[in-house]
Amino acid sequence: MREWMRCATPLGEVLLASDGSAADEPALCGAWFVGQKYFPRLEGWGDSGWRASDWREGKNDLLEKAALELERYFQGELRRFTVPLRPQGTAFQQKVWAGIGEIGYGCTASYGQLAAELKSSPRAVGSATGRNPLSLFIPCHRVVGSDGLLTGYAGGLKRKEALLALEGVRVKDGKATGR
């Protein structure tokens, strides 16, 4: 059975989801700020393609480890998450999310930079970024506009700014200006 649990953070409650019934090792397959854009409805799991009957609220070792890592991240003690991740998405989304995962703590990259690496368009990269099912763990808050503007974040721009500030990125007038 796949499980989910809610976890408190300084920026609001996060829903963590584990694919605990996977054939291999369980992995984190979802982490959303409650109510964010593309947040799965708990009754029907939104447009995720998952059936509610496949899920139950509960705790397992993986979810508890993810919650502890989030706590340590927000305390400034953790710079890279170690829980195994298994986001569900298209092949292109997987490539975008892998690229985002390479952006280091306290650093930013633009949609255009990611698009150039993937030989794609910034708009396509932005669309895939917005559908990231593992907020924070795949750090899409580190992706900014080509001019440094904080654009698009399913969890809200105030959270994006707060996450960048936590990581030491200076933000002024809605624009990331470096460390």
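Read-outs: derived from the displayed coordinates by stated rules, not from any lab. Because the structure is predicted, anything quoted here is derived from the model rather than measured. No Cβ is skipped: glycine too gets one built from the backbone with ideal geometry, and neighbour counts run over all protein chains shown.
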Exercise for the section: Considering only Ser135, Ser121, Ser110, give the residue with the highest GNM mean-square fluctuation for the chain, with springs between Cα atoms whenever their separation is below 10 Å. Expected result: Ser121
Handout entry: Under 15 Å, Cβ to Cβ, from Ala91 - net charge with Lys/Arg +1 and Asp/Glu -1
Key = +4
Practice task
Please list the radius of gyration and Dmax for the stretch 132-179, considering alpha-carbon atoms only, with Å as the unit.
Solution key: 9.8, 28
Handout entry: Added length on full extension, which subtracts the Cα-Cα distance from 0.36 nm per residue, Lys37 to Glu64
Key = 7.3 nm
Handout entry: Residue among Ala116, Ala27, Ala66 with the largest mean-square fluctuation in a Gaussian network model of the chain, springs linking Cα atoms under 10 Å
Key = Ala116
Fill in the blank from the handout: Of the candidates Gly58, Ile103, Asn132, the farthest towards the positive dipole end of the stretch 49-170 (Lys/Arg Cβ +1, Asp/Glu Cβ -1, centred on the Cα centre) is Asn132
Exercise for the section: Count neighbours as other Cβ atoms within 10 Å of each site's Cβ, and list the trypsin sites (Lys or Arg not before Pro) in the stretch 69-139 that are DSSP loop with at most 12 such neighbours. Expected result: Arg79, Arg80, Lys119
Problem - Size of charge dipole - the chain - debye, nearest 20, with Cβ of Lys, Arg +1 and Asp, Glu -1, no other charges - result: 580
Completion exercise
Restricting to lysines and to Cα separations under 16 Å from Lys95, and discarding same-chain partners fewer than 8 apart, the set is Lys119
Handout entry: Helix-only mean residue ellipticity at 222 nm for the chain, each DSSP H run of n ≥ 4 adding -39500 (n - 2.57), per residue, nearest 500
Key = -8500 deg cm²/dmol
Exercise for the section: Please pull out the direction-averaged projected area of the chain, using the convex hull of its alpha-carbon atoms, in nm² to one decimal place. Expected result: 9.6
